[in-house]
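Novice: Sending over a structure as structure tokens; questions will come in a sec.
The values are calculated or read from the model by the stated rules, or taken from the named source; none is laboratory data. These numbers come from a predicted model, not from an experiment. Heads up, the Cβs are rebuilt from the backbone with ideal geometry, glycines too, and the neighbour counts pull from every protein chain shown.
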Amino acid sequence: MGLKKTVLCRERQAAILAMAAGLAIVHAMPAAFFSHVRTWVFDLDNTLYPPHMGVFDQIDRRMTAYIMDALGLAQAEANRLRHDYWQTYGTTLAGLMREHDMDPEPYMIAVHDIDFSVLSPDAELRARIAALPGRKIVYTNGSAPYAQRVLEARGLDGLFAALYGVEHAGYRPKPEADAFASVFALDGLDPTAAAMFEDDPRNLAAPHAMGLRTVHVAPEPHDASHIHHHAPDLAGFLAALTR
Ligand SMILES: [Mg+2]
């Protein structure tokens with residue numbers, strides 16, 4: 001048996017052992033599982049910056065305030081509604097549009113009018129994304145102008161070929177399959193030669209079904225068959241792909 005074949009056999013054995021242990025089989029050899037990828041799709045919030053930087057807390061508070069004002073609700077009720085809509089419709093905005101016919105544009109501007117100084121530049125992440133072969137794009141349930149401001153604050157601007165927001169899918173949010181289909185068609189990417197990085201496990205189901213490699217970026221793993229990889233540290237994970 002040649003050396004190459006021996007290595008393949010070892011990798012296969014490792015994969016079988018990993019499967020038996022209930023782990024994703026791809027952990028042992030991530031680079032090979034991404035060698036066909038030509039388009040790298042990144043979510044924005046809590047993916048291209050870590051949750052502890054406190055951006056989304058600010059957005060949550062602004063969403064609650066907006067709902068209180070728009071619907072004349074007390075804070076506790078507005079908070080409950082915000083969370084219920086997020087759970088039921090994928091985003092709070094989707095619920096507000098569906099149930100209250102809310103105009104999305106002023107809402108998007110108001111909830112994203114935050115203090116961006118809580119974000120710090122990440123030179124290592126920038127280098128790791130830049131080193132990926134092929135196109136890199138951002139797809140967020142926020143808006144594209146908001147994405148641009150976050151990327152500037154993180155020192156990640158100029159890396160991406162395109163920024164897509166919820167407005168590019170007619171305000172239909174991830175995790176809806178139609179939203180992914182709209183944005184991917186607009187971009188012209190081949191889903192079978194693409195990878196998606198996301199902190200919300202729900203938003204990896206449709207990409208997985210469309211043929212993308214899926215990477216859950218979060219401190220803690222989430223066990224689901226539509227998740228190929230878990231990356232607690234995005235820069236570290238990308239480093240392993242381009243080594
Ligand atoms: Mg996110």
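Novice: Residue under question is H222, and the condition is that it be surrounded by fewer than 15 Cβ atoms within 10 Å (Cβ to Cβ), outside any helix (DSSP H, G or I) and free of Cβ contacts under 8 Å to residues at least 60 places away in the same chain; does it hold? Steps first, please.
Specialist: On the way: surrounded by fewer than 15 Cβ atoms within 10 Å (Cβ to Cβ): yes; outside any helix (DSSP H, G or I): yes; free of Cβ contacts under 8 Å to residues at least 60 places away in the same chain: yes.
For H222, the condition - surrounded by fewer than 15 Cβ atoms within 10 Å (Cβ to Cβ), outside any helix (DSSP H, G or I) and free of Cβ contacts under 8 Å to residues at least 60 places away in the same chain - is met.
Novice: Within the stretch 123-148, take every residue that is outside any helix (DSSP H, G or I) and of a type in the set (A, V, I, L, M) and give me the one that is farthest from P104 (Cα to Cα).
Specialist: Quick first cut of the stretch 123-148, residues outside any helix (DSSP H, G or I) only: 131-143.
After this cut, where a residue has to be of a type in the set (A, V, I, L, M) as well, the list is 131-132, 137-138.
On the way: A131: 36, L132: 34, I137: 23, V138: 20 Å.
Residue satisfying both the conditions and the ranking: A131.
Novice: Considering the stretch 28-44 alone, what residues qualify as being more than 16 Å from the ligand (Cβ to nearest atom) and in a loop (DSSP other than H, G, I, E, B)?
Specialist: Applying the first criterion (more than 16 Å from the ligand (Cβ to nearest atom)) to the stretch 28-44 yields 28-39.
Scanning the stretch 28-44 gives M29, P30, S35, H36, V37, R38.
Conditions tested, residue by residue: (1) closer than 21 Å to G90 by Cβ; (2) out of contact with any Asp or Glu (no Cβ under 9 Å at 6 or more places or on another chain).
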{"position": "A144", "(1), (2)": "yes, no"}
{"position": "G155", "(1), (2)": "no, no"}
{"position": "G165", "(1), (2)": "yes, yes"}
{"position": "A177", "(1), (2)": "yes, yes"}
{"position": "A185", "(1), (2)": "yes, yes"}
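Novice: Of the residues G142, G155, G90, which is within 16 Å of the ligand (Cβ to nearest atom) and in contact with a Pro (Cβ under 8 Å, 6 or more places away or on another chain)?
Specialist: Details: G142 fails: in contact with a Pro (Cβ under 8 Å, 6 or more places away or on another chain); G155 fails: within 16 Å of the ligand (Cβ to nearest atom).
On inspection, the qualifying residue turns out to be G90.
Novice: Can you spot a residue in the stretch 195-207 that is away from the ligand (no atom under 15 Å from the Cβ) and closer than 19 Å to L125 by Cα?
Specialist: In the first step, residues of the stretch 195-207 are kept if they are away from the ligand (no atom under 15 Å from the Cβ); the result is 195.
Subsequent filtering for residues that are closer than 19 Å to L125 by Cα retains 195.
Yes: one or more hits.
Novice: Answer yes or no as to whether A127 is in contact with a His (Cβ under 8 Å, 6 or more places away or on another chain), modelled with pLDDT of 95 or more and among the hydrophobic types (A, V, I, L, M, F, W, C).
Specialist: On the way: in contact with a His (Cβ under 8 Å, 6 or more places away or on another chain): no; modelled with pLDDT of 95 or more: yes; among the hydrophobic types (A, V, I, L, M, F, W, C): yes.
The answer is no for A127.
Novice: Going through A147, A162, A177 one at a time, which residue ends up being under 16 Å from the mean Cα position of the chain (by Cα), within 16 Å of the ligand (Cβ to nearest atom) and at pLDDT 95 or above?
Specialist: Working: A162 fails: within 16 Å of the ligand (Cβ to nearest atom); A177 fails: within 16 Å of the ligand (Cβ to nearest atom).
Within the list A147, A162, A177, the selection yields A147.
Novice: Please verify whether Y164 is touching a residue at least 12 places away in the same chain (Cβ under 8 Å) and not assigned by TED's automatic domain parsing to the domain that holds D69, treating the condition exactly as stated. Explain how you work it out, then say what you get.
Specialist: Numbers: touching a residue at least 12 places away in the same chain (Cβ under 8 Å): yes; not assigned by TED's automatic domain parsing to the domain that holds D69: yes.
Answer is yes for this residue.
Novice: Run down L132, L156, L186 and say which single residue is in contact with a Lys or Arg (Cβ under 6 Å, 6 or more places away or on another chain) and at pLDDT 95 or above.
Specialist: Working: L132 fails: in contact with a Lys or Arg (Cβ under 6 Å, 6 or more places away or on another chain); L186 fails: in contact with a Lys or Arg (Cβ under 6 Å, 6 or more places away or on another chain).
After ruling out the rest, the residue left standing is L156.
Novice: Moving on. When you look at L234, is it away from the ligand (no atom under 15 Å from the Cβ) and closer than 23 Å to R126 by Cα, yes or no? Walk me through it before giving the result.
Specialist: Details: away from the ligand (no atom under 15 Å from the Cβ): no; closer than 23 Å to R126 by Cα: yes.
The answer is no for L234.
Novice: Of these, R172, R126, R135, which one is farther than 20 Å from H226 by Cβ, touching a Gly at 6+ places or on another chain (Cβ under 9 Å), of a type outside the set (S, T, Y) and not assigned by TED's automatic domain parsing to the domain that holds G90?
Specialist: R126
Novice: Kindly list the number of the only condition in (1) more than 11 Å from D43 (Cβ to Cβ); (2) touching a helix residue (DSSP H, G or I) at 6+ places or on another chain (Cβ under 7 Å); (3) part of a helix (DSSP H, G or I) that fails for P207.
Specialist: The single condition P207 does not satisfy is (1).
Novice: Conditions: (1) under 23 Å from F180 (Cβ atoms); (2) in a helix (DSSP H, G or I); (3) within 14 Å of the ligand (Cβ to nearest atom). T47 meets all but one. Number of the miss?
Specialist: Single failed check for T47: (2).
Novice: So, one more: Which one is surrounded by the fewest Cβ atoms within 10 Å (Cβ to Cβ), of the residues in the stretch 36-67 that are aromatic (F, W, Y) and over 23 Å from A127 (Cβ atoms)? Give the derivation first.
Specialist: The first filter runs over the stretch 36-67 and keeps only residues aromatic (F, W, Y), leaving 40, 42, 49, 56, 66.
From the residues that got through so far, the ones that are over 23 Å from A127 (Cβ atoms) too are 56, 66.
Values: F56: 16, Y66: 20.
It comes out as F56.
Novice: For L186, all conditions in the list (1) within 15 Å of the ligand (Cβ to nearest atom); (2) part of a helix (DSSP H, G or I); (3) closer than 18 Å to R38 by Cβ hold save one; what is the number of the exception?
Specialist: With respect to (1) within 15 Å of the ligand (Cβ to nearest atom); (2) part of a helix (DSSP H, G or I); (3) closer than 18 Å to R38 by Cβ, L186 is out only on (1).
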